[in-house]
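Presented below is the structure to which this report refers.
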Amino acid sequence: MRVMVFVKAAENSEKAAPPTAEAFAAMDRFTEELVKAGVFVAAAGLKNTAEAKRIAVDGADRTVADGPFAEARDLVAGFSIWEVKDMDEAVAWAKRCPNPMSGPSEIEIRPFFEAADLVEFLTPEELSTPRDGTRGRLGVA
């Protein structure tokens with residue numbers, strides 16, 4: 001089972017406060033544990049929303065808004081993709097994660113759609129043929 005682990009933004013992350021050297025080292029050690037356990041697939045931190053764009057989609061209309069965006073708690077500061085046996089294992093790993101922020105923070109875990117979840121949209125041939133390249137490695141898209 002693949003999951004995406006979201007690190008939710010906090011007020012200080014939206015104010016462009018970079019991580020401390022200690023926090024960066026702790027997260028690096030944790031990532032190495034994930035790699036050694038065969039859980040780690042990918043990860044990245046995201047710059048604050050002052051450098052972001054948001055595109056609102058309504059039918060054929062597209063509206064672009066410049067950041068920063070309000071409500072830091074609803075924003076994503078970073079993500080990881082993990083390969084785990086089930087949600088319980090993902091939760092166990094997340095509970096071991098160093099606090100990604102200097103104050104209170106949240107981590108959200110969401111499972112990916114796998115091919116088996118999409119059987120009504122895919123032919124048996126599509127289900128049995130793995131995707132090549134990055135598309136096949138990171139998802140069924």
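Values quoted throughout were computed directly from the atomic coordinates according to the rules given, and no laboratory measurement underlies them. If you're wondering where the values come from, they're calculated on a predicted model, not measured in any experiment. Note that we place each Cβ from the backbone using ideal geometry, even for glycine, and neighbour counts take in every protein chain shown.
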Cα atoms only, the stretch 2-112: Rg and Dmax in Å?
-> 15.4, 47
Using the structure shown, select from Lys8/Lys47; Lys8/Lys36; Lys15/Lys47 the pairs with a Cα to Cα distance greater than 19 angstrom.
-> Lys8/Lys36
Within the chain, helix-based [θ] at 222 nm, where runs of 4 or more DSSP H residues each add -39,500 (n - 2.57), nearest 500 | -8000 deg cm²/dmol
Exposed loop trypsin sites (Lys or Arg not before Pro) only (DSSP loop, at most 14 other Cβ atoms within 10 Å): please give the longest stretch of the chain free of them, not including the sites.
-> 86-130
Counting pairs of alpha carbon atoms under 8 Å apart in space and at least six apart in sequence, what relative contact order in percent does the stretch 1-114 give?
-> 50 percent
Hey, which aspartates and glutamates would be in cross-link range of Lys95, C-alpha to C-alpha under 15 Å, not counting anything within fewer than 8 residues on its own chain?
-> Glu33, Asp86, Glu106, Glu108
